[in-house]
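A quick write-up on the structure given underneath.
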Amino acid sequence: MSKRWSYLTVEIKASLMGNPKIEEIQAELARQGNLGWELVNILFHAPLAPALLVFKKEN
């Protein structure tokens with residue numbers, strides 16, 4: 001039997017210097033993990049662009 005998944009994406013804005021906000025990313029990982037979401041990937045497209053966190057959860 002195949003599993004069904006729900007997906008969630010969350011954007012984390014970069015700091016003014018263009019670096020990812022590590023504390024904000026960590027807080028979001030903990031928040032979504034407590035809600036049952038599993039991190040699939042983190043995407044960093046370009047400097048100054050937001051980081052994109054991709055989560056999944058089994059239905």
Query raised in the report: Taking Cα atoms, how many degrees apart are the long axis of helix 22-34 and the longest axis of the chain, rounded to 10 and kept between 0 and 90?
Result: 10 degrees
Query raised in the report: Put +1 on the Cβ of every Lys and Arg and -1 on every Asp and Glu Cβ in the chain; which of Ile12, Met1, Gln26 then has its Cα farthest towards the positive end of the dipole?
Result: Met1
Query raised in the report: Rounded to the nearest 0.05, what FRET efficiency is calculated for Ala30 and Asn59 with R0 set to 25 Å and r the Cβ-Cβ distance?
Result: 0.65
Requested in this report: For the chain, state the semi-axes of the equivalent ellipsoid (square roots of 5 times the eigenvalues of the alpha-carbon gyration tensor), sorted largest first and rounded to whole angstrom.
Outcome: 25, 12, 6
Query - the chain - mean residue ellipticity at 222 nm from DSSP helices (-39,500 (n - 2.57) per run, n ≥ 4, rounded to 500) - result: -7000 deg cm²/dmol
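FYI, it's all coordinate maths here, none of it is from the lab. Note that the structure is predicted; figures quoted are calculated from it, not measured. A quick note on method: Cβ atoms are made from the backbone with ideal geometry, for glycine too, and the neighbour counts reach across all protein chains shown.
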